[in-house]
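A.B. asks: Let me give you the structure first, and then I'll get to my questions.
The numbers here are math on the coordinates, done by the rules we state, and not lab data. Since we're looking at a predicted model, the values are computed, not measured. Here the Cβ positions follow ideal geometry from the backbone for every residue, glycine too, while neighbour counts run over all protein chains shown.
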Amino acid sequence: MRQTVAVNGRDYAWPRRPTVVVCVDGSEPDYMKMAIASGLAPNLERLMRTGSNLRAEAAMPRFTNPNNISIITGVPPAVQGSIAKCGVAGTGDAVSGSLSG
């Protein structure tokens, strides 16, 4: 029997080989396509050609850390309770707050 891993109430088959997820944050997909077409990103081209190339919709709010945690946990920020750090206009002071409500 194949080993499984349970995440957020779902069972997944354990990967047959190591798995790597590359998250390109803050980039327009067309920029990557143009870089590949012009020969400026051969390694990215190879990864996209030989691996999986999936595009995800951002979780709200659109901040790096909440989105990356949602990718890892498989649940939205309101469930996983990640923190957002935002600057306050004009002060430069950082303010933290929970996104879970």
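A.B. asks: What does the extension gain come out to for TYR12 and GLU45, with contour length at 0.36 nm per residue minus their alpha carbon separation?
C.D. replies: 9.0 nm
A.B. asks: Sketch the reach of a paramagnetic label on THR73 as a point 7 Å from Cα along Cα-to-Cβ, and name the residues of the stretch 9-27 whose backbone nitrogen lies under 15 Å away.
C.D. replies: What the label zone holds, given the 15 Å backbone N cut-off, is 9-10.
A.B. asks: Right, another one. Between LYS33 and ARG55, 0.36 nm times their residue separation minus their Cα-Cα distance comes to what?
C.D. replies: 6.6 nm is the gain from fully extending LYS33 to ARG55.
A.B. asks: Take the Cα atoms of the stretch 4-55, build their convex hull, and give its volume per residue in Å³. It would help to have the intermediate numbers written out before the result.
C.D. replies: Working: hull volume 5.2 nm³, N = 52.
That works out to 100 Å³ per residue.
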